[in-house]
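The values are calculated or read from the model by the stated rules, or taken from the named source; none is laboratory data. Predicted, not measured: the structure shown is a model, and the values here were computed from it. Here the Cβ is made from the backbone with ideal geometry for all residues, glycine too, and neighbour counts use every protein chain on show. Ligands, DNA and RNA are excluded from the accessible area calculation, which covers all protein heavy atoms including side chains. Shrake-Rupley method; radii C 1.70, N 1.55, O 1.52, S 1.80 Å.
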Amino acid sequence: YWRQSLAIFTFCLALFLSIGYYNYSIDSENTQRRSYQLKTKKGTLYATNSWGSCLGQALDYIEKHIPKDSQIEMYPEGPFLNFITDRKANGLFNSLIPPRVEAFGEEFIINKLSSNQPDYIFINNNTTIEYGKIYFGVDYAEKVMAYIREEYFLAKKIEQDFDAFSIMIYKRKNNDKK
């Protein structure tokens, strides 16, 4: 009986160790792929090179050009930008992914943005293909993007190679801050 128990125990231990090693290998590969280290006041972020480089440039732009009391938003997603930079969000929409745009409706979103305009809006080209629509302002939220282009001007475009992560920074046209 004890030999059978020992065999089962040994098998389970070997299985556990091999699964742990496999997961460690995957995590190690992910860390190597995400080789860009973005050091912030709140800690270090690890990202792919194109994401990390763009975010680093965006953080640098925010630090140099956007006053601390400014409100910023990043769409389709990006509330971490507010946290990392200690800049306020307007509190209405921390994400404009396809299901949220469909749930709220573009007219509602535009009305709320009109009544409480953030000073800066960052648009990134992070895909939302998992929701069936790829790009904010191109495949969905076209009216919202048209509103942003009407009320804001393109202050900076941060991009890497073709088809890589990019960020467009829009500044409110009637913004008297810096």
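Suppose we filter region 140-160 for residues that are open to solvent by 30 Å² or more (accessible area, probe 1.4 Å), over 18 Å from the mean Cα position of the chain (by Cα) and not basic (Lys, Arg); how many remain? Residues that pass the stated criteria total 7. For the subset of region 40-53 comprising residues that are more than 15 Å from ALA164 (Cα to Cα) and in contact with a strand residue (DSSP E or B) (Cβ under 8 Å, 6 or more places away or on another chain), which member is surrounded by the fewest Cβ atoms within 10 Å (Cβ to Cβ)? Taking the candidates together, the pick is THR44.
Condition check ((1) charged (D, E, K, R); (2) within 22 Å of LEU38 (Cα to Cα); (3) without any contact (Cβ under 8 Å) to a residue 12 or more places away in the chain) across all residues:
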{"residue": "LEU81", "(1), (2), (3)": "no, yes, no"}
{"residue": "SER114", "(1), (2), (3)": "no, no, no"}
{"residue": "ASP119", "(1), (2), (3)": "yes, no, no"}
{"residue": "ILE123", "(1), (2), (3)": "no, yes, no"}
{"residue": "VAL138", "(1), (2), (3)": "no, no, yes"}
{"residue": "LEU154", "(1), (2), (3)": "no, no, no"}
{"residue": "PHE165", "(1), (2), (3)": "no, yes, no"}
{"residue": "MET168", "(1), (2), (3)": "no, yes, no"}
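Cβ separations smaller than 7 Å between residues 6+ apart or across chains give the following pairs from region 88-106 residues that are free of Cβ contacts under 8 Å to residues at least 60 places away in the same chain and closer than 15 Å to ILE129 by Cα to residues that are open to solvent by 40 Å² or more (accessible area, probe 1.4 Å) and part of a loop (DSSP other than H, G, I, E, B): PRO98/GLY132; PRO98/LYS133. Within region 87-126, restricting attention to residues that are surrounded by 14 or more Cβ atoms within 10 Å (Cβ to Cβ) and among the hydroxyl-bearing types (Ser, Thr, Tyr), the residue that is modelled with the lowest pLDDT is SER95.
Restricting GLY20, GLY56, GLY78 to residues that are within 30 Å of SER114 (Cα to Cα) and either modelled with pLDDT under 85 or open to solvent by 70 Å² or more (accessible area, probe 1.4 Å) (or both) narrows the list to GLY78. Does TYR170 qualify as being of a type in the set (Ser, Thr, Tyr), within 21 Å of the chain's Cα centre (by Cα) and modelled with pLDDT of 95 or more? The answer is yes for TYR170. Output the residue which, of all residues in region 30-81 that are charged (D, E, K, R) and in a strand (DSSP E or B), is nearest to the chain's Cα centre (by Cα). Per the criteria, the residue is GLU77.
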